[in-house]
1. Looking at Lys3, Lys56, Lys33, can you tell me which residue is at pLDDT below 95 and of a type outside the set (Val, Ile, Thr)?
2. Would you check which residues across the range 91-104 are touching a residue at least 12 places away in the same chain (Cβ under 8 Å) and of a type outside the set (Val, Ile, Thr) and list them?
3. Scan (1) modelled with pLDDT of 95 or more; (2) surrounded by fewer than 16 Cβ atoms within 10 Å (Cβ to Cβ); (3) in a helix (DSSP H, G or I) for the single condition Ile169 breaks and write down its number.
4. May I ask you to list the residues in the range 57-67 that are touching a residue at least 60 places away in the same chain (Cβ under 8 Å) and either surrounded by 19 or more Cβ atoms within 10 Å (Cβ to Cβ) or touching a helix residue (DSSP H, G or I) at 6+ places or on another chain (Cβ under 6 Å) (or both)?
5. Could you please find all residues in the range 104-128 being under 18 Å from Thr78 (Cα atoms) and small (Gly, Ala, Ser)?
6. Looking at the range 82-102, is at least one residue among the polar types (S, T, N, Q), part of a helix (DSSP H, G or I), touching a Phe, Trp or Tyr at 6+ places or on another chain (Cβ under 9 Å) and within 29 Å of Glu180 (Cβ to Cβ)?
7. Could you tell me which of the residues Ser158, Ser146 is assigned to a helix (DSSP H, G or I) and either on the phi > 0 side of the Ramachandran plot or at pLDDT 95 or above (or both)?
Amino acid sequence: MEKELYNFYAMLDRMQYIQRWGLMRNTRTENLKEHSFDVAVIAHSLALIHNRILKKDPVDPFLTMGEALYHDVTEIITGDMPTPIKYKNQQLKTAYKEVEAQAAENILQLLPDRIKPDYEDLLLPDLSDEKRKEVHRLVKAADRLSAYLKCLMEEKASNDEFRSAKDTIEASIHALNCEEAEYYLAHFVPPYGMTLDEISQ
């Protein structure tokens with residue numbers, strides 16, 4: 001009897017082939033797989049800051065981490081579209097959102113029906129729900145923090161290519177008015193770029 005095969009996880013493995021920051025000179029390339037891990041770690045921390053430190057109406061830190069891990073999975077199909085193009089005007093932004101949604105649907109079809117709804121909630125979250133919208137807000141902030149840290153690391157490596165991007169992304173983080181992101185910037189970002197000995201102290 002022939003067994004049915006599902007290609008979802010093999011598709012996810014291809015995240016390692018999608019390079020980010022394609023229009024810029026990098027001292028170290030960053031692929032989608034490692035970026036997604038970074039965003040998941042940061043998003044999880046933002047949820048904990050939200051719940052434990054700022055003592056706001058609690059969100060699920062593991063749902064937040066899960067959405068973050070899959071937030072750019074559609075780029076396996078679409079590729080990483082540079083931000084200046086993606087957000088150039090509302091028409092382009094709307095069209096790209098539609099392409100992303102279709103790519104998400106295509107990827108979800110690679111799963112068994114019984115577990116598809118669990119992944120659908122991560123790839124296509126219902127933002128009409130206020131709790132879910134709050135999770136999405138934290139993931140968005142985490143994505144920007146990850147991009148900011150990439151710029152910071154490139155600048156520390158004496159690569160001026162990322163200097164203006166760093167300033168723009170930092171301003172966009174502040175514009176979010178996200179207390180959780182501001183806390184992360186103030187308390188967790190400064191040690192990035194330290195030596196192993198300095199971090200271990």
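1. Lys3 is the lone residue from the list that is at pLDDT below 95 and of a type outside the set (Val, Ile, Thr).
2. Tyr96, Glu100, Ala101, Ala103, Ala104
3. The single condition Ile169 does not satisfy is (2).
4. Val59, Leu63, Thr64, Glu67
5. Listed by number, the list holds a single entry, Ala104.
6. no
7. Values: Ser158 fails: assigned to a helix (DSSP H, G or I).
Just one listed residue meets the conditions, Ser146.
The values are calculated or read from the model by the stated rules, or taken from the named source; none is laboratory data. From a predicted model like this one, the values you see are computed outputs, not experimental measurements. All Cβ positions, even for glycine, are placed from backbone atoms using ideal geometry, and neighbour counts span all protein chains on display.
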